[in-house]
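The values are calculated or read from the model by the stated rules, or taken from the named source; none is laboratory data. This structure is a prediction, so every number in the text was calculated from the model and none was measured. We place every Cβ from the backbone using ideal geometry, glycine too, and count neighbours over all the protein chains shown. Protein only, heavy atoms only, side chains kept; ligands, DNA and RNA dropped before computing areas. Shrake-Rupley method; radii C 1.70, N 1.55, O 1.52, S 1.80 Å.
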Amino acid sequence: MNLMVDLKFNKEDVVSTKKLSIRGEKKVFNVYRIPLEYLKYNKKNGRIATYISQFIDEGHDFSKDINEFNNIIEKFIEESNPDALRKTKQNIKILSQTEPAVVLSNGIIIDGNRRFTSLRQLSREGAGAEFNYLEAVILDSEKYNDKDIKRLELNLQHGVESRVDYNPIDRLVDIYRDLIENGGVFTPEEYRGETQKTLKEVKKDMEISQLLIDYLDFINKPKKFYIARKQQVDGPLREIYNILKSDKI
């Protein structure tokens, strides 16, 4: 699927523009109104990492049907932060969508999962035809590699103060996958450059993320991240980190 080709978008279909930083340079991209049925959640989204790992660990498979697939992920999005979703949904219902999302030309959403979820629910509830579309930038999925896309995600997540942060455990899982697992996608220096964190903060996050891995190994549940989420071990892990770093030891 290619949204630009399949939906035959042209200059007349541009509803606004959005500036993005990608591959180290800022560009202005056109924003289009995309029918919801052409769009698909990104199951690699770090905000729901623990939910995805639990779903797979329990022996489930994702449906190849796009609507059934989206229904599964939508539940994870809602469970991860129901209050944030409720606020986003209410805001969109009153003001319509005010912030454009970002999607790949193959329909996968890179930024805007909560907006997409809100629109899907409003559309199902019969709130009006205007909620049948997501306004978004469309990036060529053949032009940008996985690292380019992850850089963009980090830039969007850390560059806007109003963003709702991850569940603490999902955040640690994302740090682990981006910076530690299999050598990491980014170096700490690269990661710092894409976020508003200092190098010291990045390295601290890495150490706490490694403590999470060590803890799950210790209880004989390696990489069962959803267990850590249910146990809410983020606080204890940070306490252990502080103890290990204490000059008194």
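A few points about this structure:
- Straight-distance crosslink candidates among lysines, where the alpha carbon sits under 19 Å from LYS89 and sequence neighbours closer than 8 are dropped: LYS40, LYS75
- Inter-probe distance in nm under a simple model that places probes 7 Å from Cα toward Cβ, at HIS60 and ASN106: 2.3 nm
- Here the label points at LYS8 and ASP214, each 7 Å from Cα along the C-beta direction, are separated by 6.1 nm in the simple model.
- Pairs of Cα atoms nearer than 8 Å and 6+ residues apart set the relative contact order; for the chain it is 21 percent.
- Working from label points 7 Å from Cα in the Cα-to-Cβ sense, the GLN232 to ARG124 distance is 2.8 nm.
- Considering only SER141, LEU95, SER105, the residue lying farthest towards the positive end of the dipole of the chain is LEU95, judged by Cα position with unit charges set on Cβ.
- FRET efficiency estimate (nearest 0.05) - Cβ-Cβ, ASP247 to LEU95, R0 45 angstrom: 0.30
- Length added when fully stretched, LEU199-LYS87, from 0.36 nm per residue minus Cα-Cα: 37.0 nm
- Using a probe of 1.4 angstrom and keeping all protein chains present, the accessible surface of the chain works out to 55 square angstrom per residue.
- 13 Å Cα-Cα reach of LYS223 towards aspartates and glutamates, excluding residues that sit fewer than 8 places from it in its own chain: ASP57, ASP170, ASP174, GLU181, ASP214
- The stretch 99-139: relative contact order in percent, alpha carbon pairs under 8 Å with at least 6 residues between: 50 percent
- Taking the accessible area of the stretch 81-141, probe 1.4 Å, and keeping the other protein chains in place, the carbon and sulfur fraction comes to 45%.
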